[in-house]
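Here's the structure we're looking at; comments come further down.
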Amino acid sequence: MSTSRASLRRRGLQLVWLTIAWNVVEVFVTIGLGVAAGSIALIAFGTDSMIEVFASLVVVWHTSDLNAEIRRTRRSLQLIAAAFLILGLVLVVGAVVRLLAGTVPGDSPVGIAYLAVTAVVMLRLAILKRRTGTALESEPLLAEAHVTFLDSALAVGVLAALALNSAFGWWWADPMAALAVALLAFLEAREHWSDARRTTSDQ
């Protein structure tokens, strides 16, 4: 392995570990705030962060053995796809229950502020990981970069839902935001599973 490639690999792992650290904190903060405010959108966002931690750990596992890297690519993408599928199913059930019950969430100013910061941090990490993944031609790192970008987009979406509920009392925006997270999770699951199949055929 060239020095340049080794440096890129180290940089990629550093970005992944930084993402893991942020998301671990994010899980506790957003789920805690979601439970306190009765917001399924915040809880959904925190649950999504758990899946992102899993995806990041899969990338670390993928790069831990250079000799097995090619063989692990397909399995890594399949694991990420399965995690997103499970997330989507859980969120759909939770959101539908909230919609049918007409559960009204409370305000969460701290949650709104935290999501604003998260959107910026995740977008920056996604850009850096995508650049590194492209240079390394690493499918799992590129997939994980896309997950991080999704986290930034979801933060904006959930932030909007919380703001609408707080400003106008649109309680249904909260479970609808959770359903949006679920839809994106299903799309991610399909995309990563397709990438895994394509990786197999290329080999």
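Just so you know, all these numbers are worked out from the coordinates, no wet-lab data involved. On a predicted model such as this, the values are computed, not experimentally measured, just so you know. Note: ideal-geometry Cβ built from the backbone for every residue, glycine included; neighbour counts use all protein chains shown.
Listing for the model above:
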read-out: Simple spin-label estimate for Leu57 and Arg190 in nanometres, 7 Å along Cα-Cβ; value: 2.9 nm
read-out: The range 2-63 - Rg and Dmax from Cα coordinates, angstrom; value: 14.9, 52
read-out: Selected from Pro109, Ser7, Val158, residue furthest toward positive end of dipole (the chain; charges at beta carbon); value: Ser7
read-out: Estimated inter-spin distance, Leu183 and Ala160, nm [label 7 Å along Cα→Cβ]; value: 1.1 nm
read-out: Rounded FRET efficiency, nearest 0.05, which uses the C-beta distance separating Ile127 from Ser4 and R0 of 25 Å; value: 0.80
read-out: Within the range 123-167: backbone nitrogen closer than 16 Å to the Ala116 label point (7 Å, Cα to C-beta); value: 155-167
read-out: Dipole magnitude (debye, nearest 20) for the range 3-202, charges at Cβ of Lys, Arg, Asp, Glu; value: 600 debye
read-out: Distance cut-off 32 Å, percentage of C-alpha pairs in the chain lying past it; value: 19 percent
read-out: Cα-based shape type of the range 79-121, given that a ≥ b ≥ c are square roots of the gyration tensor eigenvalues and the cut on a/c is 1.5; value: oblate
